[in-house]
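One structure is given here, and the rest of the page talks about it.
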Amino acid sequence: MNINELEKLQNEGIDKLPSIERRTFLKAGLAITGVFMGGTVLSLTLAGKSQAKVSTESNGTSSFPYSPHYSMVMRQNRCIDCERCKEACVKTNHVPSYGYRTTILENYKITGPEETERIFMPVLCNHCNRPPCVRVCPTKATYKDKKTGIVMMDSKKCIGCKTCMAACPYNARYFNEETRAIDKCNFCFDTRLSKGKKDTACVEACPADVRIFGDLSDTDSEVYKLIHAADKIVWVLRPETGALPNVYYMND
Amino acid sequence: MASFSLAAFNEPEVATPGTNLLTGLFGMLFVAGIGVGLYGFIAGHEHIYNNTREVPWGLLISTYAFFAITSTGLCLLAAISHVFGGNKIAPLANRMVWLSLITLISGFIVIGMEIENPWRMAIWNVISPNPTSNIWWMGTLYGMAIGFVVLEFWLILMRQFKLALVLGIFGALAEIAANSCLGGVFATLPSHPFWYGGQLPVFFLGCAFTSGAAAAILFTHFAHVIRRKKMDETMYNGVQAAAKVLLLMLILIGVATWWKMVSFFVGGTDAGRLAAQALISGPLSTNFWVLEVAIGLVAPILLLAVTRVRNVAAMSAAALMTLIGMFIARMDMVIAGQLVPQYAGMDSSLPTYLNYMPSGYEWIVALGGIGLTGLAFLLGERFFGKTFADHGNH
């Protein structure tokens, strides 16, 4: 029906509507408002403020206070467990055989009755915005770099109480016998970033481009674009610990 | 002058062949513990202790916590008995001050052998302190407590009782704060749901009164056993008052333990529930049910209740069982909190529970701490015995 023709029609008035139609209309209206209202009441929160469980904003950090604010995005389903990232890390950062700074977890996702999919998940220090390890260190031997946000070690100050190992939700720390200090990933700060390189050894070594490294405070960076992509679900590991990690996971 | 005064407290008659033998045995335990601990610094702790990347804390941390908590309880009960009065514990208090000091030093010796670089601590704890670190506060406050309690004990020996009481109050305040930070070390780690939460610090304080009362009873009784002397009425009343504190605290600890365990099974994370399950039916279940619950809580409660807190031997036995239970409870708590892998559910190669059993070397170091407490207790009886018998003066 044309809107212009509709305008010309004479108003029939509500008194001429059959009551069954009025009721149907009211019911529809109540049902629509009810869904929203009822939903709000049941969740005991304003619908507008509630957050999806797996959204970047609610789990990770939503502000990027460092510059550059280093971050890593793992495109998990690309990982084939070739372990070249591990090798590159060991070689670049002289990681001893009894320890590791990064590793790959392996899991099975149930995709149907008697069907599973193998999933590889690279992990490393999450360089959290609220790092539990930094809070608990008695001597500030581990600290969050004021400029880059990288969680670093000042080995000479480490007393070896291992509280940071206990505090870390990501098993990212080990005791290095040579330095008699806890060792951990520092995004290759001393071995690469401070020497002008733009990425970490594990990122460079990855043949499948699983790991994307970059500056979250730069809205043109790939990491920024990836974690803000409207059509992707992005998550972080162990969000319940409130550590606000800077390593994000997604499927490509 | 000092040596002259000290000689006045000697009780050479305590040094019977039997106590000398015991002193020697405790001394050997202590020396063995120190020896292994020092060897650990050279060989590397990772080669003689069974701690791992995933389970960085074990028997030595729990033994330290046991000693520190016992020291806090002794110090608090001694101070409270004098500050507020109204109870009969005061006659035990001088011995309790000494015991508080030696248990704390034993704890520090054990943790000193656990920390990888205590020498770095001496420097960086001072010039690079982290005020948000519970470990820093715990170490600093317990360190201050040692200072206060040493001074307090010295003033008791010098018969400066009023000033000693003031130091005793400072010591008690430092110990409460330190004990609370010790609880905070575990309670503020959300990565371990079994530890995380507001209950732990006040639970530790409750355990302090429990262990402190138990230690006061046990060592006062032992002090009379080695002298082959019957307790006089004042001492008996003191021990009985401590046993009443012990009974009350055991019941409260039982209630706290019950609800803590229940809380994991009504919701919350799987990691917390699995950790609790490790105690109930998992790898720590014998520890938990037999040593922590049956011997450490139920048996002493029943023993004290059935004997109506009147029989010295029963009170002493209840105290010994309590201390064994407390020792194991600290171990259970420290280990259970770490047994569930951090990436549980994210890595199919991970076991339900990680494996940690203290190594023989760890046991030797832990026993070294017990050796020091035993040794210093007997030497205390030998050299300061008369002070401990000094009823009501503190």
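The values are calculated or read from the model by the stated rules, or taken from the named source; none is laboratory data. Quick caveat: nothing in here was measured; it's all calculated off a predicted structure. Please note: Cβ atoms are built from the backbone with ideal geometry, for glycine as well, and neighbour counts cover all protein chains shown. Surface accessibility is based on the protein's heavy atoms, side chains included, excluding ligands, DNA and RNA. Shrake-Rupley method; radii C 1.70, N 1.55, O 1.52, S 1.80 Å.
Below is a table of values for the structure above.
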quantity: Mean shadow area of region B:237-338, taken as a quarter of the surface of its Cα convex hull (nm²); calculated: 6.3 nm²
quantity: Interface residues, region B:29-62 - accessible area loss of 40 Å² or more versus chain alone, probe 1.4 Å; calculated: B:Glu46, B:Arg53, B:Pro56, B:Trp57
quantity: Theoretical ellipticity at 222 nm over chain A - DSSP helices of four or more residues, -39500 (n - 2.57) apiece, nearest 500; calculated: -7500 deg cm²/dmol
quantity: Peptide ranges B:373-386, A:131-144 listed from the most packed, as the mean C-beta count within 10 angstrom indicates; calculated: A:131-144, B:373-386
quantity: Computed Kirkwood radius, in angstrom, where 1/r is averaged over Cα pairs of region A:108-252; calculated: 16.9 Å
quantity: Apportionment of accessible area to carbon and sulfur, region A:3-250, percent (1.4 Å); calculated: 56 percent
quantity: Within straight-line cross-link reach of B:Lys244, lysines at Cα separation under 19 Å, skipping those fewer than 8 residues along the same chain; calculated: B:Lys88
quantity: 13 Å beta-carbon shell around B:Leu304, net charge (K/R +1, D/E -1); calculated: +3
quantity: Chain B: calculated mean residue ellipticity at 222 nm from DSSP helix runs of at least 4, using -39500 (n - 2.57); calculated: -24500 deg cm²/dmol
quantity: Theoretical FRET efficiency, 1/(1+(r/R0)^6), r = Cβ-Cβ of A:Asp145 and A:His228, R0 35 Å, to 0.05; calculated: 0.90
quantity: Crossing angle, helix A:19-43 versus chain A [Cα axis fit, 0-90 degrees, rounded to tens]; calculated: 20 degrees
quantity: All-pairs Cα distance distribution in region B:70-120, expressed in whole percent, bin size 5 Å; calculated: 5, 22, 22, 16, 11, 9, 7, 5, 3, 0
quantity: Cα centroid separation - region A:125-152 against region B:58-125, whole Å; calculated: 32 Å
quantity: Overall form of region A:65-129 per C-alpha gyration tensor (a/c, 1.5; a/b vs b/c); calculated: oblate
quantity: Carbon + sulfur, % of accessible area of chain B - ligands and nucleic acids excluded, 1.4 Å; calculated: 72 percent
quantity: Shape call, region B:1-155: gyration tensor on alpha carbons, a/c limit 1.5; calculated: oblate
quantity: Where labels lie 7 Å past Cα in the beta-carbon direction, separation of B:Glu233 and B:Thr52 in nm; calculated: 6.2 nm
quantity: Nearest-ten-degree value, helix B:118-127 long axis tilted from longest Cα axis of chain B; calculated: 90 degrees
quantity: Isotropic mean projected area of the C-alpha convex hull, region B:279-349 (nm²); calculated: 5.2 nm²
quantity: Environment charge at A:Ile104 (Cβ cut-off 14 Å; Lys +1, Arg +1, Asp -1, Glu -1); calculated: +2
quantity: Region A:3-250: translational diffusion in µm²/s, Stokes-Einstein, Kirkwood Rh over Cα pairs, 4 °C, 1.567 mPa s; calculated: 61 µm²/s
quantity: Stokes-Einstein D for region B:141-237, Kirkwood Rh over Cα pairs, 25 °C, 0.890 mPa s (µm²/s); calculated: 156 µm²/s
quantity: Per-selection Rg to Rh, the protein assembly as shown - Cα, Kirkwood hydrodynamic radius; calculated: 1.11
quantity: Principal-axis tilt of helix A:84-93 within chain A, Cα atoms, nearest 10 degrees; calculated: 50 degrees
quantity: Binned Cα-Cα distances of chain B, short to long, each 10 Å bin given as a whole percent; calculated: 5, 23, 33, 25, 11, 2, 0, 0
quantity: Choice from B:Leu74, B:Leu25, B:Leu167 with maximal GNM fluctuation in chain B (Cα, 10 Å cutoff); calculated: B:Leu25
quantity: Cα-based reach from A:Lys8 at 26 Å (exclusive), listing lysines while leaving out same-chain residues under 8 positions away; calculated: A:Lys16
quantity: Protein heavy-atom accessible area occluded, B/A pair - total, 1.4 Å probe, Å²; calculated: 3700 Å²
quantity: For the protein assembly as shown, accessible area per residue (1.4 Å probe, heavy atoms of protein chains only), Å²; calculated: 45 Å²
quantity: Euclidean distance between Cα centres, region A:182-233 to region B:345-373, Å; calculated: 37 Å
quantity: FRET E, pair B:Thr307, B:Asn355, Förster distance 35 Å, beta-carbon r, rounded to 0.05; calculated: 0.25
quantity: Nearest-10 value in Å² for the accessible area of B:Ile364, using the 1.4 Å probe; calculated: 60 Å²
quantity: Cα→Cβ-extended label distance, 7 Å offset, between B:Val298 and A:Glu87, nm; calculated: 5.8 nm
quantity: Gyration tensor (Cα) of region A:98-169, equivalent ellipsoid semi-axes in angstrom; calculated: 34, 13, 11
quantity: Additional length obtainable on full extension of the chain from B:Trp154 to B:Ile123, 0.36 nm per residue less Cα span; calculated: 8.4 nm
quantity: Cα gyration tensor, region B:275-394 - rounded (a/c under 1.5), prolate or oblate; calculated: oblate
quantity: Residue pairs, from the table A:Lys144/A:Lys195; A:Lys91/A:Lys156; A:Lys86/A:Lys184, whose Cα atoms sit over 18 Å apart; calculated: A:Lys144/A:Lys195; A:Lys91/A:Lys156
quantity: Distance (nanometres) between label positions extended 7 Å along Cα→Cβ at A:Thr24 and B:Ala43; calculated: 8.8 nm
quantity: Theoretical gain in end-to-end length, A:Glu117 to A:Asp220 [0.36 nm per residue, Cα-Cα removed]; calculated: 33.7 nm
quantity: Net lengthening on full extension, A:Glu12/A:Asp154 (0.36 nm per residue, minus Cα-Cα); calculated: 42.8 nm
quantity: 3J(HN,Hα) from dihedral phi, region A:65-81, Karplus parametrisation 6.51/-1.76/1.60, rounded to Hz, x for glycine, proline; calculated: x, 9, 9, x, 8, 5, 8, 10, 10, 9, 8, 3, 6, 7, 6, 10, 6
